[in-house]
Amino acid sequence: MTLQIFNVLGREKQPFEPLEPGKVNMYVCGPTVYDYSHVGHAKTYVSFDVVVRYLRFSGYDVLYVQNLTDVGHLLDDGEDRILKKARQSASTPMQVVETYAREYFADMDALGVLRPDISPRASGHIPEQISMIEALIEKGKAYAVNGSVYFDVRSYPEYGKLSNRRIEEQQAGSRELVQDEKRHPDDFALWKRAEPEHILQWESPWGMGFPGWHIECSAMARKYLGDTFDIHGGGVDNIFPHNECEIAQSECANEADFARYWMLVGSLMVPDADGIPVKMSKSLGNFVTIKDALQRQQPQVIRTLILTSHYRSPLTFSDDSFDSAKNGWDRLMGAVRLTRESLRFAEGNDQGNGFEPVLAQTRQKFTEAMDDDFNAPGALAALYELTREVNTLLNADVKPGKAILEAIDQTYRELGGQVLGIVPDALPGGANAEREEKLIRLLIAMRAEARKNKEFAQADRLRDELASAGVLLEDRPDGTIWRIE
RNA sequence: GGCGACGUAGCCAAGUGGUAAGGCAGAGCUCUGCAAAAGCUCCAUCAUGGGUUCGAUUCCCAUCGUCGCCUCCA
């Protein structure tokens, strides 16, 4: 089966056909870097991380661009959020931007999110934005007023096609402030005149000012991906007005289609006081930062939690769902650990090679799920089913040979590691702690001796002491294995 | 009010016109010196009411409920 993608533009699953065979140009709206990122951001960027990883796994050459918004994103009161933060923290805007851009990458790195190929910043692309605005004015799609420039939505009949919104004619008069400058309430700013005290401002044909929030994505996408490209991603909450405006600006300025496939990620929800799920957001204050989440759980567990729900669906984030993901992931890792442990002593025979078909089935089920609009929950299910089979195999009397164990390990590494990013290459407490490992093995040997002599009190003491130090033992017919809790 | 999405077991969550993946939790069993881990077994008729159909959880309509967007948000 070929890859199917649910295209928000048209609201249907469509076979994925890139503009250029084998090559995927992709743009995802990045964060505004004015504060720490929270788990809601993690959901979006982990989701697209898996999309990119799977596309590459499938053989596509992916060029992944994700911007950083560092100017032009205003608050309700018209203040730039970066400037506000700078004022509050007694620093300069670019310090704020630099600080939180680094924190963002640090968080994403910790979550195992691969870096985009290009991470362009809005403030670094002012000329590109200005020239796009000029083109829009020339084509009669935008107009300048008092040093600001607005996009004329009535000049673009397709405005609203992504979010299915119609331009409201009667609503005029319902808006305050800027209203008088706009010809139509739905017109949006391409360029804003800056007051003298506004620190972030640039020269333009219309005087000193700064770009509107939406134009950056249009300008940068065109610069790095061309007029028309394959996939545009983001969170659903930006479908209107942001994504809609991007389309309008780009298609008018470029006189070409913008993104061919739109993929929007469902929001992360948090139960409110009454247990009703509400979107996690900065403004509501119901957020958990990625740093806090990482304090509580391993990054792979956070990814697992995110992947238990389809990317388009909302996902409720709670202690229960967190624990559930953690316990499931532990079982997965148990099988991975057992496989790698068994590999240490495996012989080079073909014992257990009858297991091959299970691996083939796993791969098939996995890719079928992922080919169906990146159905990660289905792909995860394939890994869980594999895990049951692997545990059965490794707990049986026959000792599987090296070949099949390596094949199993490889399957986990590729599907669970390379694609989903939940199976680490090196298990915690592995070979890099050689001395510790030796000590643990010594204690295990001492306990084995005690057990042999039926000195169970002594044996239990060793096990309990190790457990209290975070080293958990498991007795198996052929010896004792351990893991770090 | 407009637009969109959704309502599947105790919880989370896939999916299909022919009686429903997976995970967590729970119960029983096996293995074990005891544990731990693992495995096996058990646990839903898919919000409600109509309609289409040989047959619907899956298609259509209505109702109820929830969420998102419409103003800043990934």
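The values are calculated or read from the model by the stated rules, or taken from the named source; none is laboratory data. On a predicted model such as this, the values are computed, not experimentally measured, just so you know. Positions of Cβ are backbone-derived with ideal geometry, glycine not excepted, and every protein chain shown enters the neighbour counts.
Computed quantities for the displayed model
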quantity	calculated
Qualifying strands (runs of 3 or more DSSP E) (wholly inside the stretch A:1-66; at least 2 residues being under 14 Å from A:Phe229 (Cα atoms) and more than 9 Å from RNA strand B (Cβ to nearest atom))	A:23-28, A:61-66
Candidates A:Asp257, A:Asp230 - the one that is over 21 Å from A:Val145 (Cα atoms), within 23 Å of the chain's Cα centre (by Cα) and either more than 16 Å from RNA strand B (Cβ to nearest atom) or of a type in the set (D, E, K, R) (or both)	A:Asp230
A:Glu103 being over 27 Å from A:Trp202 (Cβ atoms) and either within 16 Å of RNA strand B (Cβ to nearest atom) or modelled with pLDDT of 95 or more (or both)	no
The listed residue being part of a helix (DSSP H, G or I), of a type outside the set (D, E, K, R), out of contact with any Cys (no Cβ under 9 Å at 6 or more places or on another chain) and surrounded by 20 or more Cβ atoms within 10 Å (Cβ to Cβ), out of A:Gly378, A:Gly416	A:Gly416
Set A:Asp409, A:Asp464, A:Asp475: member being assigned by TED's automatic domain parsing to the domain that holds A:Glu347, of a type outside the set (Val, Ile, Thr) and at pLDDT 90 or above	A:Asp409
All positions within the stretch A:316-360 that are within 8 Å of RNA strand B (Cβ to nearest atom), over 19 Å from the mean Cα position of the chain (by Cα) and either farther than 30 Å from A:Gly479 by Cβ or acidic (Asp, Glu) (or both)	A:Asp320, A:Asp323, A:Ser324, A:Asp330
So A:Tyr150, is it more than 12 Å from RNA strand B (Cβ to nearest atom) and part of a strand (DSSP E or B)	yes
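Quick grid of which residues meet (1) among the small types (Gly, Ala, Ser); (2) within 22 Å of A:Val51 (Cβ to Cβ); (3) assigned by TED's automatic domain parsing to the domain that holds A:Met26; (4) more than 8 Å from RNA strand B (Cβ to nearest atom):
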site	(1), (2), (3), (4)
A:Ile239	no, yes, yes, no
A:Ala253	yes, no, yes, yes
A:Ile276	no, no, no, no
A:Val288	no, no, no, yes
A:Lys291	no, no, no, yes
A:Gln297	no, no, no, yes
A:Arg303	no, yes, no, yes
A:Pro314	no, yes, no, no
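Yes/no per residue for (1) crowded, with 21+ Cβ neighbours inside 10 Å; (2) at pLDDT 95 or above; (3) of a type in the set (Lys, Arg):
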| position | (1), (2), (3) |
| --- | --- |
| A:Ser47 | yes, yes, no |
| A:Phe57 | no, yes, no |
| A:Tyr60 | no, yes, no |
| A:Asp70 | yes, no, no |
| A:Asp76 | no, no, no |
| A:Glu79 | no, no, no |
| A:Ile82 | yes, no, no |
| A:Ser89 | no, no, no |
| A:Met94 | no, no, no |
